[in-house]
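Here's the structure we're looking at; comments come further down.
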Amino acid sequence: MKTAGEAVEWSPASVSEAAELLRGAGYAGWLAELLARRGVSDPQAAEAFLHPDLSQLHDPHLLAGCDQAVTLLMRARERGETVALVGDYDVDGVSATALLTAVLRACSVDVRPILPHRMRDGYGFQPVHVERARALGCRVVVTVDCGTSAVRAASAALAAGLDLVVTDHHLPGEALPAGVVHINPRQAGCTYPFGELSGAGLALKLATAFAAACQRPIDPRRLLRIACLGTIADLVPLRGENRVIAAIGLRELGRTRSPGLRELIRIAGLKSPYSTADVGFRLGPRLNAPGRLDSADAALELLLSRNARRAAQLAAELDRWNRERQDWERRVVADAREMFLERERRPAILMAWSEHWHRGVLGIAAGRLAREFHRPTILLAVEDESATGSGRSIPGIHLFRFLSRWKEELVRFGGHAQAIGMTVDHEQLAQLRQRWEEAAAESWAAEIAVRRFEYELELRPRDLTPELYAEIQRLEPHGEGNKQPLIRLCGPLRLVRSPRFFGAGHLTAEAVGSDGGRIGLLGWGWQERAASLQGEFEVLGYLENDRYRGRPVLRLVDCRSQREG
Ligand SMILES: [Mn+2]
């Protein structure tokens, strides 16, 4: 989306030095550049990237703490002790919990999964989960996708005489107390070769190591079907091991025997071959929805269910939660948009709050509005004396660093460059907003003034052949760290005939270039921008396959009249 009068800049993505080396090894120039930009530095890495394979997964024992964790779990198994597994309420946390629970159970360990409740517990491993584990008679607690800075909960677990294994991929904070087995590839002293696994990826590692120790080896492809959900949904970079997990997990998804996963795929209306978008926009939101609005337990039960009838019920339940989530999201976006449009001058940071919003959808709503208005956006739900909410940023603006200056004045505050969460005293909201708007106006004038697009390929219509599409497809699955390559289709282009409109404001058109080549254009939500496709123009877009006509089509991202230069 783009607002009238907003400046837009197109620029070519930079070329990495490794591209030269790859070109020398025989890769086509454009492919060499794409690979190099994705962190591929030599021909061997290029082959690995183009052919993701199970052999590229690293030995789990290279993770600091893995051996001790396996020993501890083996002891619990021999003694018949119950293990509490504390996860998280998002897709990564739920899939990590499901994966490790299933493997521990297959190895005859008695496991009690515990998912934090977003509204009652807040994020992460808390002392209350130690209490719950004790009430369930557990002697051992294992965390997945949380706990790396949960000093209070860890101390409570040790004080209660429990064994504790923390597995997490978030940045470690204050050191955990001695005696905790800590698995996190990002902690100091861990020499594991890949630092960007998701929570589900780490659960996969521990599960694989434990199953091997129990001499119950499990076909890794079965585990990758679950691990790929968290890996894709958590937006970790899809390179290295993550690329293997995503590529093979997606390829294998259709072969799952899990009734829950099958029902979820069916109710989401997915068809093979499955893509990262299918997980990101169809399966992920359904698994996430119950945990956003209430408890994530239904999502976990679905993934663990072995009963087709129960699985069908749960999939329908998740689908209902997801529709309710969409309703909440639409309502929050509409309310906040109205508040932002009322402002006479649009501030450099957008902040709004209400007593009528649901906390669980504020992050996605803020992300939507940040993209629409091209400004960092913070939305908060007011509950009694305090307000809790989420902020999302735009490329080039480190929102966490910006807000850290005020962290003493916030009740709770956490996050990273692009996403933050906070709790604030209700009474302070108006004052904080004013100060943040003033500071943002000084800091970000340049970033918000121009919407920048970096394109990776510069092509003419004749270049957009099915062969080229097939070559680009070798870079799939796309996601974080391996975005679909943005193409600048060089002009001048002209429409062959007037665009055709369909659905809720979408369009298709056909353009012809000065080279005589023709290409179909597809514009989701482009009806209002149809006028920009007049006269001579140029476009940015993604090459996709037109399912109906079986040939490539360019999905429009931006357009400019040729005269603008
Ligand atoms: Mn995670």
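Numerical summary
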item: Within the stretch 300-320, tally of residues that are under 17 Å from Tyr89 (Cβ atoms) and acidic (Asp, Glu); result: 2
item: Identity of the residue in the stretch 424-434, surrounded by 13 or more Cβ atoms within 10 Å (Cβ to Cβ) and out of contact with any Ser or Thr (no Cβ under 9 Å at 6 or more places or on another chain), that ends up farthest from Arg343 (Cα to Cα); result: Gln428
item: Residue within the stretch 477-486 that is under 30 Å from Phe537 (Cα atoms), assigned to a helix (DSSP H, G or I) and open to solvent by less than 60 Å² (accessible area, probe 1.4 Å) present; result: no
item: So Gln44, is it open to solvent by 60 Å² or more (accessible area, probe 1.4 Å), touching a strand residue (DSSP E or B) at 6+ places or on another chain (Cβ under 8 Å) and at pLDDT 95 or above; result: no
item: Per-region count, the stretch 229-250, residues open to solvent by 10 Å² or more (accessible area, probe 1.4 Å) and of a type in the set (Ser, Thr, Tyr); result: 0
item: Answer residue from the stretch 148-175, given it is of a type in the set (Gly, Ala, Ser) and within 16 Å of the ligand (Cβ to nearest atom) and is surrounded by the most Cβ atoms within 10 Å (Cβ to Cβ) among those; result: Ala150
item: Residue tally, condition in a strand (DSSP E or B), in contact with a His (Cβ under 8 Å, 6 or more places away or on another chain) and of a type in the set (Asp, Glu), over the stretch 57-110; result: 0
item: Unmet requirement for Arg77, which otherwise passes all of (1) closer than 23 Å to Leu176 by Cβ; (2) more than 16 Å from the ligand (Cβ to nearest atom); result: (1)
item: Check on Leu202, surrounded by 19 or more Cβ atoms within 10 Å (Cβ to Cβ), among the aliphatic types (A, V, I, L, M) and either on the phi > 0 side of the Ramachandran plot or within 14 Å of the ligand (Cβ to nearest atom) (or both); result: yes
item: Residue match in the stretch 326-346 (condition: part of a loop (DSSP other than H, G, I, E, B), touching an Asp or Glu at 6+ places or on another chain (Cβ under 9 Å) and open to solvent by less than 30 Å² (accessible area, probe 1.4 Å)); result: no
item: Any pair with Cβ under 7 angstrom, 6 or more apart, that starts in the stretch 2-20 at a residue that is within 18 Å of Leu556 (Cα to Cα) and ends at one that is modelled with pLDDT under 90 and part of a loop (DSSP other than H, G, I, E, B); result: Val8/Lys2
item: Among (1) open to solvent by 40 Å² or more (accessible area, probe 1.4 Å); (2) over 20 Å from Arg412 (Cα atoms), the one test that Arg359 misses; result: (2)
item: Conditions (1) farther than 30 Å from Ile364 by Cα; (2) open to solvent by 50 Å² or more (accessible area, probe 1.4 Å); (3) not aromatic (Phe, Trp, Tyr); number of the one not met by Met119; result: (1)
item: Candidate set: the stretch 458-469, residues that are surrounded by fewer than 19 Cβ atoms within 10 Å (Cβ to Cβ) and touching a residue at least 60 places away in the same chain (Cβ under 8 Å); chosen: the one nearest to the chain's Cα centre (by Cα); result: Tyr469
item: Residues that are closer than 12 Å to Arg392 by Cα and either charged (D, E, K, R) or part of a strand (DSSP E or B) (or both), drawn from the stretch 415-426; result: Gly415, Ala419, Ile420, Gly421, Met422
item: Cross-chain or 6+ apart pairs with Cβ under 8 Å, the stretch 541-562 first and touching a residue at least 24 places away in the same chain (Cβ under 8 Å) and among the hydroxyl-bearing types (Ser, Thr, Tyr), then open to solvent by less than 60 Å² (accessible area, probe 1.4 Å) and part of a loop (DSSP other than H, G, I, E, B); result: Tyr542/Gln484; Tyr542/Pro485; Tyr542/Leu486; Ser561/Gly535
item: Out of Ile448, Ile472, sole residue that is under 23 Å from the mean Cα position of the chain (by Cα) and modelled with pLDDT under 95; result: Ile472
item: Considering residues of the stretch 227-271 that are of a type in the set (D, E, K, R) and in a loop (DSSP other than H, G, I, E, B) only, the residue nearest to the ligand (Cβ to nearest atom); result: Asp234
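Here's the yes/no breakdown for (1) open to solvent by 20 Å² or more (accessible area, probe 1.4 Å); (2) touching a strand residue (DSSP E or B) at 6+ places or on another chain (Cβ under 9 Å); (3) under 30 Å from Arg139 (Cα atoms); (4) of a type in the set (Ser, Thr, Tyr):
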residue	(1), (2), (3), (4)
Ala13	no, yes, no, no
Leu22	no, no, no, no
Trp30	yes, yes, no, no
Ser55	yes, no, no, yes
Ala76	no, yes, yes, no
Gly87	no, yes, yes, no
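Each row is one residue, and each column tells you yes or no for (1) at pLDDT 95 or above; (2) surrounded by fewer than 24 Cβ atoms within 10 Å (Cβ to Cβ); (3) outside any loop (DSSP other than H, G, I, E, B).
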| residue | (1), (2), (3) |
| --- | --- |
| Val142 | yes, no, yes |
| Cys146 | yes, no, no |
| Tyr192 | yes, yes, no |
| Gly195 | yes, yes, no |
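The values are calculated or read from the model by the stated rules, or taken from the named source; none is laboratory data. Since the model is a prediction, treat every value here as computed from it, not as a measurement. Don't worry about glycine lacking a Cβ; one is built from the backbone with ideal geometry, like all the others, and counts go over all protein chains shown. Heavy atoms of the whole protein, side chains included, go into the accessibility calculation; ligands, DNA and RNA do not. Shrake-Rupley method; radii C 1.70, N 1.55, O 1.52, S 1.80 Å.
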